[in-house]
Amino acid sequence: MRKKNCLVLFGSPHKNGFTARVLEKIIGKSKNKVNFLSINAYEQKIHPCIDCKSCNEEITCRYDDFIILKDLLEKSDLIIIASPIYNMGFPSPLKSILDRMQPYFMSKFIRKENVLKKKKAILILTFGSKFNITLDIKRQLEIIFASINTTIIGQIFLENTDKHKVIDKNIEKKIENLAKNFFTV
Ligand SMILES: Cc1cc2nc3c(=O)[nH]c(=O)nc-3n(C[C@H](O)[C@H](O)[C@H](O)COP(=O)(O)O)c2cc1C
């Protein structure tokens, strides 16, 4: 059977920060079973969308770096978004990547063409405060994920990272269960 391809969109500037640690726990045991295709938003430096309208008629973009994204989106069966929350949203390099999915919005909602295969996703968010501030982010993702034919089937929120520096046992258990289900769907 073909190995599944999982696109990982990593939104933290820290390679060993909270987000990276949760992500590693999710993908760690599945590295041999799944092909992980990653974009590190801070390293890849994807150009922001400038609403130039070149994607109005077809899946294309005036900036060549779209090819990277297009190729990964076409290949992937699964998506993981792993990011800290910055001022109630995604850090700007990751937001740029999500905005560059606009050609798929045009395709699905304006031209009514569904060009990408169905994908399942999990959302990992870490944030400093102890209040659940994830709702706005989930709303942002609704339209973007609908455009790329993707459904969120699980989520891990690591809150209060300003204060708690360790991943507690409850979250560990949740991560383990989620990983088990996600990579076998
Ligand atoms: C510019 C900036 C904005 C932030 N905004 C928020 C915020 O709105 N709410 C919050 O709870 N934490 C906020 N944080 C804290 C981060 O989300 C938190 O430290 C996160 O766990 C860092 O993850 P990392 O170690 O993977 O980079 C912010 C941090 C930075 C640097």
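Things worth noting here:
- Qualifying residue in region 97-112 (condition: part of a loop (DSSP other than H, G, I, E, B) and either buried (at least 20 other Cβ atoms within 10 Å of the Cβ) or within 16 Å of the ligand (Cβ to nearest atom) (or both)): yes
- Residue that is nearest to the ligand (Cβ to nearest atom), among those in region 64-83 that are among the aliphatic types (A, V, I, L, M) and not in a helix (DSSP H, G or I): Ala82
- Entry remark, region 132-162: residues being aromatic (Phe, Trp, Tyr) and under 29 Å from Ile59 (Cα atoms) number 1 in total.
- The combined condition, being closer than 23 Å to Thr151 by Cβ and assigned to a loop (DSSP other than H, G, I, E, B), is fulfilled by Ile59.
- Lys15, sole failed condition from (1) within 16 Å of the ligand (Cβ to nearest atom); (2) of a type outside the set (A, V, I, L, M); (3) touching a residue at least 12 places away in the same chain (Cβ under 8 Å): (3)
- Restricting region 45-63 to residues that are modelled with pLDDT of 95 or more and either within 16 Å of the ligand (Cβ to nearest atom) or under 19 Å from Ser12 (Cβ atoms) (or both), the residue that is nearest to the chain's Cα centre (by Cα): Ile46
- Scanning region 160-185 for residues that are within 18 Å of the chain's Cα centre (by Cα) and either more than 29 Å from Lys3 (Cβ to Cβ) or in a helix (DSSP H, G or I) (or both) turns up Ile175, Leu178, Ala179, Asn181, Phe182.
- Cβ-Cβ under 6 Å pairs, at least 6 apart or on other chains, region 161-172 side in contact (Cβ under 8 Å) with a residue 24 or more places away in the chain, far side surrounded by 10 or more Cβ atoms within 10 Å (Cβ to Cβ): Thr161/Phe18; Thr161/Thr126; Thr161/Gly128; Asp162/Gly128
- Within region 118-153, considering residues that are assigned to a strand (DSSP E or B) and over 12 Å from the mean Cα position of the chain (by Cα), the one nearest to His14 (Cα to Cα): Thr126
- Residue count for region 120-140, restricted to those that are buried (at least 20 other Cβ atoms within 10 Å of the Cβ), near the ligand (Cβ under 10 Å from one of its atoms) and not β-branched (Val, Ile, Thr): 2.
The values are calculated or read from the model by the stated rules, or taken from the named source; none is laboratory data. Predicted model, so just to flag it, every value in this text is computed and none were measured. Virtual Cβ from ideal backbone geometry, glycine too; neighbours counted across all protein chains shown.
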